[in-house]
């Protein structure tokens with residue numbers, strides 16, 4: 001793989017904190033978590049010209065935008 005084919009996306013500490021807070025609330029309601037089933041998180045990075053927005057989606061279907069736009 002050449003260097004041109006590598007994409008890197010960063011998750012800021014503030015965005016990690018946003019995710020942690022959401023997961024604490026979400027875990028109380030998540031149907032997969034309640035059934036002790038495996039849960040997966042999908043991270044979707046969308047470049048927008050200024051930076052990237054970050055959406056995190058639980059395998060149960062719920063999602064959250066953790067983007068810290070104050071850091072743009």
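Under 6 Å between Cβ atoms, at least 6 apart or on separate chains: pull out the pairs that start in region 59-71 with a residue that is surrounded by 15 or more Cβ atoms within 10 Å (Cβ to Cβ) and end on any residue that is at pLDDT below 95 and assigned to a helix (DSSP H, G or I).
60/31; 60/32
Of (1) in contact with a strand residue (DSSP E or B) (Cβ under 8 Å, 6 or more places away or on another chain); (2) surrounded by 16 or more Cβ atoms within 10 Å (Cβ to Cβ); (3) at pLDDT below 95, residue 56 satisfies all except one. Which?
Residue 56 satisfies every listed condition except (3).
Is there a residue in region 16-25 that is in contact with a helix residue (DSSP H, G or I) (Cβ under 9 Å, 6 or more places away or on another chain) and not in a loop (DSSP other than H, G, I, E, B)?
no
Does residue 4 satisfy the criteria of being surrounded by 13 or more Cβ atoms within 10 Å (Cβ to Cβ) and part of a helix (DSSP H, G or I)?
no
All but one of (1) more than 12 Å from the chain's Cα centre (by Cα); (2) in a loop (DSSP other than H, G, I, E, B); (3) surrounded by 11 or more Cβ atoms within 10 Å (Cβ to Cβ) hold for residue 11; state the number of the condition that does not hold.
The failed condition is (1).
Which condition does residue 36 not pass, out of (1) in contact with a strand residue (DSSP E or B) (Cβ under 8 Å, 6 or more places away or on another chain); (2) at pLDDT below 85, if it passes all the others?
(1)
Applying the selection to region 34-58, what residues are over 19 Å from residue 11 (Cβ atoms) and touching a helix residue (DSSP H, G or I) at 6+ places or on another chain (Cβ under 8 Å)?
The answer is 38, and nothing else.
The values are calculated or read from the model by the stated rules, or taken from the named source; none is laboratory data. From a predicted model like this one, the values you see are computed outputs, not experimental measurements. Backbone-built Cβ (ideal geometry, glycine too); neighbour counts: all protein chains shown.
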